[in-house]
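Have a look at this one before I ask anything.
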């Protein structure tokens with residue numbers, strides 16, 4: 001399930017309608033890098049103006065609280081439902097930290 005747009009993507013709804021057809025879910029957060037960062041933030045500002053402050057916290061101020069909370073929600077929901085999953089939130093940091 002990628003990318004997960006903060007406060008927009010409803011992972012539970014997606015799982016509920018697709019779980020009979022999927023063996024394992026992979027979750028990845030919306031990563032904003034390069035030139036498209038401003039394009040996406042402008043889109044959010046235009047289509048979801050009520051979320052622009054939250055996106056500013058996440059993508060400009062680098063606050064990861066949303067992703068930590070969502071990760072816990074995903075973990076709890078998938079365990080309760082017996083759903084196989086892998087969480088790849090901020091996987092680029094994990095790769096950098098594990099490189100030799």
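The values are calculated or read from the model by the stated rules, or taken from the named source; none is laboratory data. All values derive from a computational prediction rather than experimental measurement. Here Cβ is always computed from backbone atoms with ideal geometry, including for glycine, and neighbour counts include all displayed protein chains.
Take residues that are exposed (fewer than 14 other Cβ atoms within 10 Å of the Cβ) and in contact (Cβ under 8 Å) with a residue 12 or more places away in the chain and tell me which of the helices (runs of 4 or more DSSP H) falling wholly in the chain contain 2 or more.
Filter on the chain gives 65-81.
Matching residues to (1) out of contact with any strand residue (DSSP E or B) (no Cβ under 6 Å at 6 or more places or on another chain); (2) closer than 21 Å to residue 85 by Cα; (3) modelled with pLDDT under 95:
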| residue | (1), (2), (3) |
| --- | --- |
| 11 | yes, yes, no |
| 16 | yes, yes, no |
| 21 | yes, yes, no |
| 24 | yes, yes, no |
| 35 | yes, no, yes |
| 43 | yes, no, no |
| 47 | yes, no, no |
| 57 | yes, no, no |
| 68 | yes, yes, yes |
